[in-house]
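Take a look at the structure below.
The values are calculated or read from the model by the stated rules, or taken from the named source; none is laboratory data. If you're wondering where the values come from, they're calculated on a predicted model, not measured in any experiment. Quick reminder, even Gly has a Cβ in these numbers, built from the backbone with ideal geometry, and neighbours come from all protein chains shown. Accessible surface is based on the protein model in full, side chains and every heavy atom, while ligands, DNA and RNA are left aside. Shrake-Rupley method; radii C 1.70, N 1.55, O 1.52, S 1.80 Å.
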Amino acid sequence: MTSVTLSRRSDHTDAPRWVHPVQPATLPERAAVETALAALRAWHPYDGDAWLDDVADAFDSVPPPEDHVDELAQRLRGYLMQLVGYAVNSEVEKRDGRATRLITRACEVREEELPGDYLKSVAHLRRLGWAVNELHDLLAELHAVKGPDSLKEGGVR
């Protein structure tokens, strides 16, 4: 067995020297870490089937019970917020002219207050559901998000 032996240089003057100052690592500010941690804890992963179920509940010919309207509206608003984020981050408006209109509509309907009247609230749920459905369909068509697994050939139902 042979080995390579490195000889020692007796003259160290021609060896390159590290002349750049190295600063010790600094920890991020506590507030920044807590803000990032809160965002991670509040994040919900993409679940196209859950979105599809909630949109179906909003569109159903039998409206949701009055005590579930607010909760469903909040979930649909959350979906819109996520979808708009996906749309903006993937720059779909540069690939398809419909995107700008759908993003704008999603932001508008998301900001609308839930009416106090039950029947008007159901109508508002349907507008929210429509905005989620339209924006989601466009993003899936442009491959910015994947379509719900239940709609795929042989998908789980």
Can you spot the lysines whose alpha carbon is less than 23 Å from LYS94's alpha carbon? Ignore those fewer than 8 places along the same chain.
LYS146
Place +1 on the Cβ of every Lys and Arg and -1 on the Cβ of every Asp and Glu in the range 46-157, take the dipole about the Cα centre, and give the residue among TYR79, HIS68, GLY97 whose Cα lies farthest towards its positive end.
GLY97
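Within the chain, which DSSP H helices have Cα atoms that stretch 24 Å or more along the helix axis and a mean Kyte-Doolittle hydropathy of at least -1.0? If you can, show how the numbers build up before the last one.
Working: long enough: 69-89 (30 Å, 0.16); 118-141 (34 Å, 0.00).
Those that pass (Cα extent of 24 Å or more, hydropathy at least -1.0) are 69-89, 118-141.
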Can you compute the modelled spin-label distance between ALA39 and ASP70, with each label point 7 Å from Cα toward Cβ, in nm?
2.9 nm
What do the square roots of 5 times the Cα gyration tensor eigenvalues come to for the chain, in whole Å, largest first, as semi-axes of the equivalent ellipsoid?
53, 21, 17
With the cut-off at 14 Å, report for the range 80-130 the share of all Cα pairs above it, as a whole percent.
55 percent
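Whenever you get a sec, line up HIS136, HIS143 from highest to lowest accessible area (probe 1.4 Å, protein heavy atoms). Present the calculation step by step, with values, prior to reporting the outcome.
Working: HIS136 15, HIS143 160 Å².
Heavy-atom accessible area, descending, gives HIS143, HIS136.
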